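Here is the structure we will look at, set down as structure tokens.
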Amino acid sequence: AVVSTQSTGTVDLRVAKHKVLTAKRAKQQTELETASAELDPRQKRLHEELCQRGASTWVTTLPLAEHGFLLNKGEFHDAMALRYDFPIEGISHTCMCGKPNSMEHCLSCPLGGYVHLRHNQIRDLTANMLSEAGCRDITIEPHLLPITGEKFKYKSANTDDQARLDVSARDVWADMDKTFLDIRVFNSRADTNIKKSLKSALASHENEKKRVYNERILEVEKASFTPIVFSTTGTMGREAERFYHRLAVLLSGKTKQSIPDAVRYIRQRLSFCLLKTLIVSLRGYRGKRITPFNANNVDINLLYM
């Protein structure tokens, strides 16, 4: 009888805790919706992105320089401004391209090559992690086989004989099978994306990649294709989520670490990789590139008196 009373008391306590937590979460959700109603569309999108899985990874990561998880105080201030939409101090009011400068403009302006830098950094990091996970035949910017009369469903399909994707590797989804990856990092708060929901924007970019490459990869290369889509805050598309989880499984098997630890480590590296490219795009030089001195065409022995 005593045991029965204790069991009943434990169950009642759990039920009471569940009711309190449910009520608390409902109240928080109501307060959140009330506050969101007062935000403009770009602030709403930023708030939505910050609520996504992994958006706060860099905030809770130890500052370890050997893993690239270290920011100086200036970079940290800029990172917090990006996160909370604070004004960016110390940047000019007008961009080198002639347009008014702002956080949104810095993330989208092609001048200076910082949009491509975001893409290339994620590409190179992904290739490195594929190698660490034990995948083989990893290639950056692999050329596709030429088209020899094949017809494709979509007019937007890439039929160029010089077509390249971002990364290819074997052993990702199945032993010895080849997988091609194509990466896109987009600003979800840009005018072309803000009218769509975040989920729709991610899916739209993934589907665009599939229309361009998927059928060609399947029919000509006899391989698989995975579009890797990120927003600038690090929110992943559905295909990217699946891919990096698979990479975590492979890395876990290689390093004997748990899968959750491998997932967290991959998210940390991706988060800091993206964050640093965003910070550079805020303060990086956008003027004309300095022409490097080519020492190969000069006999430096002739420079002596």
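The values are calculated or read from the model by the stated rules, or taken from the named source; none is laboratory data. Given the structure is predicted, the values throughout are model-derived calculations rather than measurements. Heads up, the Cβs are rebuilt from the backbone with ideal geometry, glycines too, and the neighbour counts pull from every protein chain shown. Surface accessibility is based on the protein's heavy atoms, side chains included, excluding ligands, DNA and RNA. Shrake-Rupley method; radii C 1.70, N 1.55, O 1.52, S 1.80 Å.
Table for the structure above
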{"read-out": "Every residue from the range 161-182 that is part of a strand (DSSP E or B) and buried (at least 20 other Cβ atoms within 10 Å of the Cβ)", "value": "V167, S168, A169, K178, T179, F180, L181, D182"}
{"read-out": "Residue within the range 188-210 that is in contact (Cβ under 8 Å) with a residue 60 or more places away in the chain and outside any loop (DSSP other than H, G, I, E, B) present", "value": "yes"}
{"read-out": "Those residues of the range 107-127 which are farther than 11 Å from V185 by Cα, modelled with pLDDT of 95 or more and in contact with a Lys or Arg (Cβ under 9 Å, 6 or more places away or on another chain), in sequence order", "value": "L125"}
{"read-out": "Index of the failed condition, D85 passing every other in (1) within 22 Å of V185 (Cα to Cα); (2) open to solvent by less than 60 Å² (accessible area, probe 1.4 Å); (3) in contact (Cβ under 8 Å) with a residue 40 or more places away in the chain", "value": "(2)"}
{"read-out": "Given (1) farther than 18 Å from S281 by Cα; (2) open to solvent by 60 Å² or more (accessible area, probe 1.4 Å), index of the condition A26 fails", "value": "(2)"}
{"read-out": "Test: residue in the range 142-151 that is surrounded by fewer than 18 Cβ atoms within 10 Å (Cβ to Cβ) and part of a strand (DSSP E or B)", "value": "yes"}
{"read-out": "Hits in the range 51-82 (condition: under 18 Å from the mean Cα position of the chain (by Cα), part of a helix (DSSP H, G or I) and crowded, with 16+ Cβ neighbours inside 10 Å)", "value": "T57, W58, A79, L82"}
{"read-out": "When residues of the range 183-204 are limited to those that are among the hydroxyl-bearing types (S, T, Y) and under 17 Å from V115 (Cβ atoms), the one least open to solvent (accessible area, probe 1.4 Å)", "value": "S188"}
